[in-house]
1. When all protein chains stay in place, what accessible area (Å², nearest 10, 1.4 Å probe) is found for Glu93?
2. Would you mind checking which residues have amide H under 5 Å from Asp106's amide H? H placed 1.01 Å from N; only 5 or more apart, or other chain.
3. Sorted by average packing, counted as other Cβ atoms within 10 angstrom per residue and highest first, what order do 71-81, 95-105 take?
4. Run the 1.4 Å probe and let me know the accessible area of Phe88, rounded to the nearest 10 Å².
5. Within 10 Å, Cβ to Cβ, of Leu76, how many net charges do the neighbouring residues add up to if Lys/Arg are +1 and Asp/Glu are -1?
Amino acid sequence: MIDKWKPENITVADTAALALRSIDPSGMLELGLTDVPDLIRIYRRRVKSRAKTGANVLGDHEFLSRLEEYPSQQVLNTAISVGGTMVFIWFDEEMTTVVGCVIGKDHRSQGEARTSDL
């Protein structure tokens, strides 16, 4: 999935739709509320770090932009494992709107529990 998409072509809606179509219920790792100010702080740091390292994570710039304009203080998030890919999707609290989506390599397949990198 990641190999077919380029960062400049990815959209939140496309990524979320692809992930949700591909979902195997056993691949859903978590579902919970996250504070928006915390996510903004985390993703500002990650975007800056990835600019230096060239890490292949898609959607983080768009997600950060959407978070900075998001009117609520919390988002509902889920993590989905699709093959060797991790997909994180953030929804509004009613799960009616996708706020953002970030996809990247699932490091767990290499014995590394690093889903927090996304």
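The values are calculated or read from the model by the stated rules, or taken from the named source; none is laboratory data. Predicted, not measured: the structure shown is a model, and the values here were computed from it. Positions of Cβ are backbone-derived with ideal geometry, glycine not excepted, and every protein chain shown enters the neighbour counts. Calculation scope for accessible area: heavy atoms of the full protein, side chains included, ligands and nucleic acids excluded. Shrake-Rupley method; radii C 1.70, N 1.55, O 1.52, S 1.80 Å.
1. 90 Å²
2. Counting only residues 5 or more places away or on other chains, the set is Thr85, Met86.
3. Values: 71-81: 16.0, 95-105: 19.4.
Ranked from most to least packed, the peptides come out as 95-105, 71-81.
4. About 20 Å², rounded to the nearest 10.
5. Details: positive: none; negative: Asp92, Glu93, Glu94.
Neighbour charge sum, excluding Leu76 itself: -3.
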